[in-house]
Amino acid sequence: MREITCKEVHKLLECIKALSAYHNEVSNNFKGMYPSRPCSETLTLFSDSLRKGSSHIAIVEEKDHIAGFCKIDMVKGKGKLDYLVVLEKYRGKGYGKELMDWAMNTFHKNAVTEIEVKVIDGNNTIHLYENYGFKIQSHILLYKASFK
């Protein structure tokens, strides 16, 4: 596992697309709504936040192929676990835990005392976060109008 630079974010495209497909599959209420913005725009935002130093991204590689990644953001003692993705063919190998350990250690080293993570309703990965002590604070309801 290693952290990447802003010049390497393009390598995350497959993971971003896979995450959108996964969200479309498991979402209880918003199937077909992902990605919420073009993947290229997401990668540009990743690059910008790495350049500014407000984010860190770690990847797990297997045979020179990215198996998954984790993106975290930190500002003034507050953190956000923004993305944690392991491609389906690499699941069950402990990569999610490895990325989560990296994120929690990075937060700790930077004195982050409050960490937020948002999980799509229907995503069973919530149990991973609960194993690290995360608790549900609120339920956010979203309405998407479909006027035709």
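The values are calculated or read from the model by the stated rules, or taken from the named source; none is laboratory data. Every value quoted in this text rests on a predicted model; they were computed, and no experiment measured them. Using ideal geometry, Cβ is built from the backbone for each residue, glycine included, and neighbour counts are taken over all protein chains shown. Remember, those area values only see protein heavy atoms, side chains included, never the ligands or the DNA or RNA. Shrake-Rupley method; radii C 1.70, N 1.55, O 1.52, S 1.80 Å.
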- Scan segment 76-104 residue by residue and report those that are open to solvent by less than 90 Å² (accessible area, probe 1.4 Å) and over 21 Å from CYS15 (Cβ atoms). GLY77
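So how many residues does segment 49-71 have that are under 15 Å from GLU116 (Cβ atoms) and touching a Gly at 6+ places or on another chain (Cβ under 6 Å)? If you could, list the steps in order and put the result at the bottom.
First, the residues of segment 49-71 that are under 15 Å from GLU116 (Cβ atoms): 54-55, 70-71.
Next cut, touching a Gly at 6+ places or on another chain (Cβ under 6 Å) only: none.
Total meeting the criteria: 0.
How about segment 100-115: which of its residues are hydroxyl-bearing (Ser, Thr, Tyr) and at pLDDT 95 or above? Spell out how you get there, then give the answer.
Taking segment 100-115 first, the residues hydroxyl-bearing (Ser, Thr, Tyr) are 106, 113.
Across segment 100-115, the qualifying residue is only THR106.
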- Item | Number of positions in segment 79-97 that are without any contact (Cβ under 8 Å) to a residue 60 or more places away in the chain and either outside any helix (DSSP H, G or I) or over 15 Å from the mean Cα position of the chain (by Cα) (or both) | 12
- Message: So, VAL112, is that one out of contact with any Lys or Arg (no Cβ under 6 Å at 6 or more places or on another chain) and closer than 21 Å to HIS23 by Cβ or not?
- Response: no
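How many residues, within segment 1-32, are in a loop (DSSP other than H, G, I, E, B), surrounded by fewer than 16 Cβ atoms within 10 Å (Cβ to Cβ) and at pLDDT 90 or above?
Within segment 1-32, the first condition is being in a loop (DSSP other than H, G, I, E, B), and the residues that meet it are 1, 4-5, 27-32.
Of the ones still in play, those that are also surrounded by fewer than 16 Cβ atoms within 10 Å (Cβ to Cβ) are 1, 5, 28-32.
Pick out the ones that are also at pLDDT 90 or above and you get 1, 5.
Adding up the residues that qualify gives 2.
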